[in-house]
Amino acid sequence: MATPTIPIPDHVEGAFDETQPPKFRGTYLEKVHGWVVTVDHKKIGLMYISYALIFLLVAGAEALAIRVQLARPENTAISPLVYNRIFTMHGTTMVFLVGMPILFGFGNYLIPLMIGARDMAFPRLNAFSFWISAFAGILLYYSFIGGLGLSGTGTAPDVGWFAYAPLTEKPFSPGHTVDYWAVSLLANGIGSIGTAINIIATIFSMRCKGMTLFRMPLLPWVYLTMSGLVLVAIGPLTAAQVMLLVDRYLGGHFFDTQMGGSSILWAHFFWIFGHPEVYILVLPAFAFANEIIPVFSRKAIFGYPAMVAATVGIGFISLGVWAHHMFTIGMTSFGNAFFTLSTMLVSIPTGIKTFNWLATLWGGKIRFTTAMLFSVGFLFQWLIAGLTGIMLSVSAWDWQLHNSYFVVAHFHYVLVGGILFMIFAAIYYWFPKMTGRMLNERLGKWHFWLMLVGFHLTFDLMHVPGVLGMPRQIYTYQADRGWTVWNEFISLGGFIQGAAVLVLVYNMVHSYFRGAVAGPDPWDGWTLEWSTASPPPDYNFAVEPVVASRRPLWDLKHPEDPDSAVE
Amino acid sequence: MTTPIASSQDAKASHHERNSVHLPAPTPWPMLLALGFALVFAALVTSQGLAYLGLAIAVYAAIGWFRQVLPEEHVIHIEVETEVVAIQPSNRTVTRIDVDETHRAQLPLKTFTWISGVKGGIAGGIAMVIPAELYGLIRFHSLWYVVNLLGGAGVGDWTNPTMEQLTHFRLSAFITANIIQGVVTLLVGVLYGAMLPLWPKRPVLLGGIVAPVLWTGLLYGALNIVNPYLRGKIDWWSFAASQVLFGVVAGYTVSRLGDLKSLAQVPLAVRLGVESPGLEGGERDRGQRR
């Protein structure tokens, strides 16, 4: 063991080491085999992320197909039946095959590194969870070939990503299209629950010495909350899917309105899953912001305890707001009032987070790397998304705008402007750790600005046709509705975003082979993942770290002013 | 560098122990079990034969998985080459601002007690009833008009009530109105107690007039969308007068009950929470001035 060149405080000794990973020099098949049989959290995390990025391209192409169809009035670029399949698959893919896997991927990769562990608590369950999710995604897309049965022409699900009853009942959706949707998401849910259990167990039982819960970085805190939500929310969806299959194959009538069933029952089950799902997706985006903004502001996160409390608060409140998706279905005035107020309540912990991020930026020495640019974009866009969310939480307002493009614009502000922007930020921030290579910053800036322009062109303008009455999921429209010019620009923005994503893809491939060598700590970070090699060795840390504060690397870099002296 | 797979028992006797780490051995069983399950699911929508195949794979993989972890978990040993990185201290040294111990305290250093906010809310809540009831009595000769307008928001089966209904007593509306009035005025009173010390000069002007007028305007605009019928029934001048009266009375009560120096007397930078030693320090600065 070499002697360190600076005195390391006793209580943090061993927190920082660099071990060169062993060079794997096998054949191509051996490499593939190595990935298939791996139980290493880092490789599984990378497989999750790669799998999600592939589906991101697929779902992005579907989005562009939708925009081509809607760019002109009375357009017939694609048939109505294909259009229904494409918007269904776009939504389903983005939520289940892009959003959740990529966030689980980052969690898998980062949580053990951040808490000073060598792997997840259940490495084999981790591999199983990934593979069952991956096979579920493949099964869903196999529906394009086998949807009506092997002998049929084949078609994908076409009932919208929320698959409302009674449209999903056998008389209205014959063949197997709906079954593919239900069965594949059911399988996907098994993987999600497995990963959630793993994350919770890892965080509670695998933290390194000295890392109390309140010394843990905020990212594991957020993933802990998110995993709790997964455990609660996936169950109702799975139950509803089983009930749907019972309806379709075993003569059940849960959602069969003509036989005493209730289509509203489906809506309740789906949205009891569906709204926590929004927070399952957005909480990790918050987690990335919690890590990236302080590092590039050169300040510790403002209000750590408040951030933890807000995260857990969001988790709890988000379980009680689902029926704001159902204002137009018809509820009692008590129901309307309750879900209006509970939805508004979410804005309190969310506002705390926003103020704390701003307070972290305030007075900081800000470095506008690409990761930071995406984070700042996220802050602004998340605020707008929250404001339109509050507007829609008012039941009377929602009655006017529900199922319009205003709602589409709102949730794309959340999913793209919030979550996707932070996923991009996370890619730029942790790509050097994962690959040992830096992403090209110039290409990154191109990516950011194209994405920003495309995003605002698309989703700012999309609010307008919504207010003008353009319904969601509409196939086409007449030229005299006043929606044409808006849709032209919206589609243009979509293609600009597509170009931005292609820049990212090129940057990732190019930088993986030719990027600058990153070194263990390219951003001058403070959390434990930056204390080991890039990419980390199989065992993460040669010496198990011992920490004495929330920023163990700060302590090492600033022995004159360690956090451990004041925490 | 990896070594051949061995059980953890073997590992304990290994001479690598001191310089190696034991990690779970790679295994195909999780992938195969997932494949088996996926095929069973796929069989539901394709062919029964796939179910048998999937089940066979799943059982085979489950047995393999058990054998992977029982009786001893299979692990691999990876040799560790440790080298402590020469950590360079950051170029940016930390500079502490030389101020007294109170420099991190966010002003105001003191605030009103919460009970003064509660009392202000009660006083304002009673006062604001006066112009509202005056309007109801003069215009409709009824005490219950404004009560029903406020309480009707929470009475589910009362949609678009007639003028006759609005001017007569209704128990459910009465209870709802009292709850709304009580809760909101108390909360806003407490809010005043917390916020008035933060506001610059003439807090009663801002809290008593500007804020209520802005609130009235916001409500006027929003009700046009949320409930146009209700907006049409409200007399907005008397509504605004009620709000202003609440603000003035609550603000005055809170200010009188508390005994705080107004922050308007300190520089803007300090009011904004900017660390500005020398402008308004703690005891040390004041001591120097003396």
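General remarks:
- Residue exposure proxy: A:ARG514, B:ARG170, ordered by other Cβ atoms within 10 angstrom of their Cβ from fewest to most, comes out as A:ARG514, B:ARG170.
- Listed peptides B:137-147, A:349-359 by packing density, highest first (mean Cβ within 10 Å): A:349-359, B:137-147
- Helix-only [θ]222 nm of chain A, DSSP H runs n ≥ 4, -39500 (n - 2.57) each, per residue, nearest 500: -21000 deg cm²/dmol
- Lysine pairs with alpha-carbon atoms under 16 Å apart, the stretch A:43-565, spacing 8 or more or separate chains: 4
- Amide hydrogen proximity for A:VAL546: with H placed 1.01 Å from N in the peptide plane, the residues at 5 or more positions away or on another chain lying under 5 Å are A:ALA15.
- Taking θ as phi - 60° and the Karplus parameters 6.51, -1.76 and 1.60, the scalar couplings of the stretch A:532-547 work out to 10, 5, 10, x, x, x, 3, 8, 6, 10, 5, 10, 5, x, 10, 10 Hz in sequence order, x denoting glycine and proline.
- Approximate spin-label separation B:ASN178-A:VAL485, in nm, with each point projected 7 Å along Cα-to-Cβ: 5.7
- Exposure proxy ranking, count of Cβ atoms within 10 Å, fewest first, for A:ILE496, A:ILE292: A:ILE496, A:ILE292
- Residues A:TYR28, B:TYR229, arranged from fewest to most other Cβ atoms within 10 angstrom of their Cβ, appear as A:TYR28, B:TYR229.
- Take each residue of peptide A:132-141, count the partner chain Cβ atoms within 10 Å of its Cβ, and average: the result is 4.
Quick note: the coordinates plus some simple rules give every number you see, no bench work behind them. Keep in mind the model is a prediction, meaning the values are calculated, not measured. Positions of Cβ are generated from backbone atoms using ideal geometry, with glycine treated the same way; all protein chains shown enter the neighbour counts.
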